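What follows is a short report on a single structure.
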Amino acid sequence: MTEAVTHWYEYGGETAMVSLVEEAVKAQSGRPSEKEEFELVILDFSGLEEALDTARLFGSIPDPKTQRTWSAAIDRLDEGAREVLASAPEGRTFQSPAEAGQAWRGWNTFDEGLKSLQKTGSRLDRTFGLKPPSDPWEEG
């Protein structure tokens, strides 16, 4: 099992994971703060969409437990980003209460994806001794 996971990681898995972390952190920077009631935010999930596509290309991680968290991360990040984008008002500056609620739900789903992505990285490190040379969570 360790050899198969190491092979997945060394032949693209690490790159896919680091890219996904960096783009998720970058996308989250467009999240409105809770302090500002009328804050202008710019949503940019384009890099995240590319990172999600790349992550899907690398297929399954050969370890079922790690694959569950990896798959959940991809699904939740994708679902959360889509919901947040769908909540953006078209041709208006302010969101309706329904759109604001949809954005809130989308960001919560996105947070679930981030947690699953962190669990995947932790498991790869703890169980298989695999981690990138620098922490993409801090560099993002």
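The values are calculated or read from the model by the stated rules, or taken from the named source; none is laboratory data. All values reported here derive from a predicted model rather than from experimental measurement. As a convention, Cβ positions derive from the backbone with ideal geometry for all residues, glycine included, and neighbour counts pool all protein chains shown. Surface accessibility is based on the protein's heavy atoms, side chains included, excluding ligands, DNA and RNA. Shrake-Rupley method; radii C 1.70, N 1.55, O 1.52, S 1.80 Å.
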Next on the checklist: Any residue that is open to solvent by less than 70 Å² (accessible area, probe 1.4 Å), outside any helix (DSSP H, G or I) and not β-branched (Val, Ile, Thr) - is there at least one of those in segment 64-79?
Outcome noted: no
Next on the checklist: Please go through segment 86-140 and give me each residue that is exposed (fewer than 14 other Cβ atoms within 10 Å of the Cβ), closer than 21 Å to GLU10 by Cβ and not hydroxyl-bearing (Ser, Thr, Tyr), ordered by number.
Outcome noted: ASP125, ARG126, GLY129, PRO133, ASP135, GLU139
Checklist outcome for this item: Selection from segment 1-35 of residues free of Cβ contacts under 8 Å to residues at least 40 places away in the same chain and of a type in the set (Gly, Ala, Ser) yields SER19, SER29, GLY30, SER33
Item to check | Filtered residues of segment 80-100 (kept if in a helix (DSSP H, G or I), touching a helix residue (DSSP H, G or I) at 6+ places or on another chain (Cβ under 9 Å) and free of Cβ contacts under 8 Å to residues at least 12 places away in the same chain) | outcome: ALA98
Checklist entry - Does SER29 satisfy the criteria of being under 22 Å from PRO136 (Cα atoms) and open to solvent by 80 Å² or more (accessible area, probe 1.4 Å)? => result yes
